[in-house]
1. Taking the label point 7 Å from Cα in the Cβ direction, how far apart in nm is B:K6 from each other copy of itself, listed shortest first?
2. Nearest 10 degrees, 0 to 90: what angle lies between the long axis of helix B:147-160 and the longest principal axis of chain B (Cα atoms)?
3. In straight Cα distance, which lysines are under 21 Å from A:K6, not counting same-chain residues fewer than 8 positions off?
4. Suppose only helical runs count, i.e. DSSP H with n ≥ 4. What mean residue ellipticity at 222 nm does that imply for chain A under -39500 (n - 2.57) per run, divided by all residues and rounded to the nearest 500 deg cm²/dmol?
5. Compare the peptides A:41-52, B:165-176, B:143-154 by average per-residue count of other Cβ atoms within 10 angstrom and give them in order, highest first.
6. Can you tell me the length gained on complete extension of the stretch B:D68 to B:L37, counting 0.36 nm per residue apart and subtracting the Cα distance?
7. Extending each Cα 7 Å along its Cβ direction at A:L118 and A:D168, get the distance between those two points in nm, one decimal.
8. Would you please report the Å³ per residue occupied by the convex hull of the alpha carbon atoms in segment B:109-152?
2 protein chains.
Amino acid sequence: MSRNTKEDVVAAAGRLFATRGYEGTSMRDLGGELGLLGSSLYSHVGSKQDLLVEVVGRGAELFQRSIDQAGEVDGTARDRLRSMIAGHLDVVLDHRDEGRTFLNEARSLDSEHRSEILSARNRYESAFRTVLEEGTADGSIMMDTEPAIGAIFLLSILNAVERWYRDDGKLSRADLVDEVLEFSGVL
Amino acid sequence: MSRNTKEDVVAAAGRLFATRGYEGTSMRDLGGELGLLGSSLYSHVGSKQDLLVEVVGRGAELFQRSIDQAGEVDGTARDRLRSMIAGHLDVVLDHRDEGRTFLNEARSLDSEHRSEILSARNRYESAFRTVLEEGTADGSIMMDTEPAIGAIFLLSILNAVERWYRDDGKLSRADLVDEVLEFSGVL
DNA sequence: GTCTAACAAACGAACGTTCGTTGGCAAGAG
DNA sequence: CTCTTGCCAACGAACGTTCGTTTGTTAGAC
């Protein structure tokens, strides 16, 4: 009989928040997921809101780490863009729960944490805009669309990937990266 | 003292469902929005779920009408694609509440209505895929991406527009249509 | 090695509040 | 008079959370 750790609780919370939404998930639901009573969760966590903060925070951290790694890639701006896209797909596909919760459930955060997440998202979008600008400058990226719009379009595609892509399909992740680059006129 | 009609109730429900989500909206919230008690809403509507069905249904109808109109456009497949994109943007921007609720709150529908909406979405995506195939065949569309993926990418961009586009900005809707076409390599 | 003190994890009952919903009644418009 | 609209009071269920208690494990003292 193995008992549950805080890690288990946060993981299960991510799963339920991602699929049913924060408001659509009750502490009793979450307890049931772990074979516990709802009240037992309070041995591990201070409040339901704390759980959301934790899950969303993990999502934010994953995206942040991804963009940091891509920034260290040397080569042309196009190489860096490719790395950013691949990294984004990995986050969104390998950490579906945290990614979805980060992207969709931020509105349920208290205003302090919500605005933190919002500026994290803005910084993230800026990184995409910047690499597009650099690629236009050094000639490694020929995109007909201006960087500000192109970054938004790219992220729209990337954020939606989790809704339809399956790893066991015919399209590999590497091919998916190429498809995205090709679609946006970079390749 | 003007009294409220069912129309007002459905419109307010759309507004709240779109911004706070279905589960995040209480009947008392909704009543407050109209200067009523929550219980008074039951003079207009059978249940909260009925309201969601109504709002989502309106969203579905708007998208359906848009795609039907675009289908009647004569010219090349590219002309029809342009019309589909413009129509989608109009739905999503002129009927933000119904559009958002249709796109984001379907999971809160009872399973019967949910699967109806899901197949409506599939038919809608099929229409995009088909026009891309036709455009490849008649040579009016040169897209490097295969139609199935291209349709998904296009819809990912279009569905996200409502999150960032403002009508009072520098970018007109017509220009936005061009940007989308250009980004996807059609123009 | 045993006894004991501490701790983490979970239970079960209950708290106050909010939820969706119902039913009876009043005011006003056609 | 009737029909629509809304108020009011109330319902049972579910909500997040707190509390005192129980259980199993871990660590140190004897």
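Read the figures in this text as sums done on the coordinates, not as results from a lab. Note that the structure is predicted; figures quoted are calculated from it, not measured. Every residue, glycine among them, receives a Cβ derived from its backbone with ideal geometry; neighbour counts consider all protein chains shown.
1. So the distances to the same position in the other copies read 5.2 nm.
2. Helix B:147-160 and the main axis of chain B meet at about 40 degrees.
3. Partners within reach: A:K48.
4. Rounded to the nearest 500, the figure is -22500 deg cm²/dmol.
5. Per-residue mean Cβ counts within 10 Å order the peptides as B:143-154, A:41-52, B:165-176.
6. My answer for the length gained is 7.1 nm.
7. Result for the modelled spin labels: 4.1 nm.
8. Roughly 52 Å³ of hull volume per residue.
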